[in-house]
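Working notes, structure below.
The values are calculated or read from the model by the stated rules, or taken from the named source; none is laboratory data. Keep in mind it's a predicted model, so treat the numbers as computed, not measured. Note: ideal-geometry Cβ built from the backbone for every residue, glycine included; neighbour counts use all protein chains shown.
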Amino acid sequence: MKVNFSIEKICKSLGISLSAEMVTLLQLAFPIVGTTMLQMAYNLTDMIWVGRLGSDAVAAVGSAGFYLHLGWALSSVLVVGANIKISQSVGAKKRYSWGRYATTAVWGSVALACVYVLFLFYSATGLIGFFRLQDAGIESMARSYLLISAGGILFSFLSLTFAAVLNAHGLTAVSFKTIFVGTVINIVLDPLLIFWAGWGVQGAAIATIIAQLVVVAYFTSYFIRVKQNFFAGLWLSLHGMKNIILVGAPVSIQRIIFTFISIILARIIAEWGPQAIAVQKIGVQIEAITYMFTAGLMQAMRIMVGQNYGARDFASISRVYKSGLKLSVGIGVISSLLFLTIPELLFSIFLHEPESVAMGKQYLMILGLSQVFMCIEMITAGAYHGLGRTRVSASVSVIFTSLRIPLAYMLGMWTFLGLNGVWVSITISSILKGLVIFYLFYRVRKKLKFDYVPKCVRC
């Protein structure tokens, strides 16, 4: 209640009136945003420390990082699927169902992590070689960082799964506290292992593994302490796994394809040298300013829509969406203003070479034009996820994100824009995604009546 009172009091003092749906969204979203802020704080801190090693080190970590993101994309088939099915079961008050989904997701994450780690160990050289970094030292650093980081993938997958289980129950504050502990440990260990121990980028990877291990241990202790039925049964349920995959697979496929597209784009960007890769890597971290806040609202939207759907309270879904849309557009506007007015200042925090800062300034100014549309896409995708209609949002994302490859090649290689053409291709695709998914969901909202049951949720 204190959170609600604080939100309402602040807004009333500013002459702003909040709907009940907006208050609930913010109550759920704040801890998720806090968690994302912590993760972003770590990522930015990591980039600051690694950046002090030079652009080569940033390029190495950035290249290896694509394959870690690929692993997280793979895990989303279980993480997102379980989050949706558990939240719907919570809304329907089906205790045994949400427990079986949680247990199934944990075992699935363990199996998937083991398979992916083996893949990385046997393929690391070829995976890094794909980027043609044109420097044996950078390739060696990237390969070493990737192999060490692979040792923490199991802990990473489990922490994502545990957070998804708690968030589906609306316990986003617990996830925040747990991630907070891990992030603080990570931030403290980074400079110690990178510089004091003299381990360079390998030290950054080891610091991450230690932090992830602590997070998993913290989550586990919470589940043991709290006498609540988060889980049911000892082994996975094949029926539960089928349902999780049905709703989680489109999101996972979307993220996997997005990661591959990012890898191909990085290959195109590499034509301008390692410095361009470093600029893109840091630019993505700065753009996380927008993503951080909107991702919290997106997950809150998924939870609220999912629980309302499980309770068959379709009348609330449209009101929840409108509230989330207003908040997300506000975030996009603020981010665009920052990127367009102080891009050089933002980028100079991480890199100090004048040429890199100039490249980064152009990146942020071009991406600043699409922030509002990216926010619209994310919040609308969250609403689709809550309904279990993940195929729609995934299809829109895959189709228009794929356009980045031919656009980047044509604008970057065949026009005067050069490297800026790659950034323009990203902005164009983001604008199109936001407009199309908003239009599609506008049509869905008209059908949201008490007798409306999407087929993929009925399974």
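Tell me yes or no: at least one residue of the range 112-134 is among the charged types (D, E, K, R), in contact (Cβ under 8 Å) with a residue 60 or more places away in the chain and within 22 Å of S262 (Cα to Cα). Yes: one or more hits. Per the listing A232, A204, the residue uniquely surrounded by 17 or more Cβ atoms within 10 Å (Cβ to Cβ), modelled with pLDDT under 85 and not in a helix (DSSP H, G or I) is A232.
When the range 95-111 is filtered for residues that are out of contact with any Ser or Thr (no Cβ under 7 Å at 6 or more places or on another chain) and in contact (Cβ under 8 Å) with a residue 12 or more places away in the chain, the ones remaining, listed by number, are R95, Y96, G99, A102, T103, W107, G108, V110.
Filter the range 284-303 down to residues that are of a type in the set (G, A, S) and crowded, with 24+ Cβ neighbours inside 10 Å and give me whichever is modelled with the lowest pLDDT.
G296
Among the candidates I153, I261, I244, the residue that is under 28 Å from Q27 (Cβ atoms), at pLDDT 85 or above and in contact with a helix residue (DSSP H, G or I) (Cβ under 6 Å, 6 or more places away or on another chain) is uniquely I244.
Which is of a type outside the set (G, A, S) and buried (at least 22 other Cβ atoms within 10 Å of the Cβ), of F400, F347?
Only one candidate passes the filter, namely F347.
Okay, residues lined up against (1) free of Cβ contacts under 8 Å to residues at least 12 places away in the same chain; (2) within 18 Å of the chain's Cα centre (by Cα); (3) surrounded by fewer than 23 Cβ atoms within 10 Å (Cβ to Cβ):
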site: G306; (1), (2), (3): no, no, no
site: S318; (1), (2), (3): no, no, yes
site: E353; (1), (2), (3): no, no, yes
site: K361; (1), (2), (3): no, no, yes
site: L369; (1), (2), (3): no, no, yes
site: Y384; (1), (2), (3): no, yes, no
site: G388; (1), (2), (3): no, no, no
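Screening the candidates V329, V357 for the property of being modelled with pLDDT under 85 and over 26 Å from F260 (Cα atoms) yields one hit, V357.
Being surrounded by fewer than 18 Cβ atoms within 10 Å (Cβ to Cβ), in a helix (DSSP H, G or I), at pLDDT 85 or above and not basic (K, R) is a description that applies to L192. Determine, yes or no, whether E377 is modelled with pLDDT of 90 or more and either in a helix (DSSP H, G or I) or aromatic (F, W, Y) (or both). The answer is yes for E377.
Quick grid of which residues meet (1) surrounded by fewer than 22 Cβ atoms within 10 Å (Cβ to Cβ); (2) on the phi < 0 side of the Ramachandran plot; (3) more than 20 Å from the chain's Cα centre (by Cα):
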residue	(1), (2), (3)
L238	yes, yes, yes
M241	yes, yes, yes
I244	no, yes, no
I263	yes, yes, no
R267	yes, yes, yes
A270	yes, yes, yes
G273	yes, no, yes
Q280	no, yes, no
